[in-house]
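The values are calculated or read from the model by the stated rules, or taken from the named source; none is laboratory data. For clarity, every value in this text was computed on a predicted model and none was experimentally measured. A quick note on method: Cβ atoms are made from the backbone with ideal geometry, for glycine too, and the neighbour counts reach across all protein chains shown. Please note that ligands, DNA and RNA were not included when accessible areas were found on the heavy atoms of the full protein model with its side chains. Shrake-Rupley method; radii C 1.70, N 1.55, O 1.52, S 1.80 Å.
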Amino acid sequence: MDPVIEVVALFLGFVSWIMVGIAIPNRYWKVSSIDGTVITTSTIYENLWMSCATDSTGVHNCREFPSLLALSGYIQASRALMIAAVVCGTFGVVATFIGMQCSKAAGDNYVLKGRIAGTGGAFFLLQGLCTMISVSWYAANITQEFFNPLYPGQKYEIGEGLYIGWASGVLAICGGVCLMFSCKLGTKEKSYYQPTRETVYSASASKRDAQSTYGRNAYV
């Protein structure tokens, strides 16, 4: 495996893991729309955990969702997927750091290091998929309600938290794919034949026998 690819993949995965941690507590997953509104006195914004409102004076009031079971199904699923993304990213960072060639954690066994790094790439890929599914599902519900003319409630627009989640998912998928494919290519390049001590000994003995036989035939 190329050490440069390892460092780049670890950097992408680590940045994506940090961005997931930023996206989860971000309050602006969806923001109330002002489309068709003449006078706007307050702005409502929500995330996976709470609903907030701010008025024209800049005062913010936030209220956590009182019941988990009373939430919509997509919000509960998005919570679970984002938490799974954080867990997978944690395992991915640790496994990739251990499997790097410059790391001394796994000794000099580069085959084992390659497998550990490939496992880290798989965790990064899972992190990216969980993040992309979560934010895309949440955004799909926002757009569905926004473009539904019969929806009677408050309409929202996509907030900055979803864009952070999308960026995190793309970086995690890129880092995971780089690690997995580089580990695969690295194992193919290093899979050459190494003769054993018995093979070398038998080959040298056969060569000596051939030379001695040739010498007797030549002088007869």
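Remark: pairs (first residue in segment 54-80, among the β-branched types (Val, Ile, Thr); second residue open to solvent by less than 80 Å² (accessible area, probe 1.4 Å) and in a loop (DSSP other than H, G, I, E, B); Cβ separation under 9 Å; 6+ apart in sequence or on different chains) = 75/48; 75/65. Counting residues in segment 58-72 that are modelled with pLDDT of 80 or more, of a type in the set (Val, Ile, Thr) and assigned to a strand (DSSP E or B) gives zero.
Would you mind stating whether residue 143 is more than 30 Å from residue 110 (Cα to Cα), at pLDDT 50 or above, touching a strand residue (DSSP E or B) at 6+ places or on another chain (Cβ under 9 Å) and not aliphatic (A, V, I, L, M)? In short, yes. One residue stands out among those in segment 147-167 that are part of a helix (DSSP H, G or I) and open to solvent by less than 50 Å² (accessible area, probe 1.4 Å): the one that is farthest from residue 34 (Cα to Cα), which is 167.
Exactly one residue among 70, 80 is open to solvent by 70 Å² or more (accessible area, probe 1.4 Å) and of a type in the set (A, V, I, L, M, F, W, C), and that residue is 70. Here is the figure for segment 46-57: residues that are in a strand (DSSP E or B) and touching a Ser or Thr at 6+ places or on another chain (Cβ under 7 Å) total 3.
The number of residues in segment 92-104 that are more than 16 Å from residue 5 (Cβ to Cβ), in contact with a Gly (Cβ under 8 Å, 6 or more places away or on another chain) and either free of Cβ contacts under 8 Å to residues at least 12 places away in the same chain or among the polar types (S, T, N, Q) (or both) comes to 0. Within segment 107-138, the residues that satisfy the criterion of being open to solvent by 20 Å² or more (accessible area, probe 1.4 Å) and among the aliphatic types (A, V, I, L, M) are 111, 112, 116, 122, 125, 126, 129, 132, 133. When residue 23 is tested against (1) surrounded by fewer than 17 Cβ atoms within 10 Å (Cβ to Cβ); (2) modelled with pLDDT of 90 or more, exactly one condition is not met: (1).
Given the structure, is residue 173 at pLDDT 90 or above, open to solvent by less than 90 Å² (accessible area, probe 1.4 Å), among the hydrophobic types (A, V, I, L, M, F, W, C) and more than 16 Å from the chain's Cα centre (by Cα)? So residue 173 does not fit the description; no.
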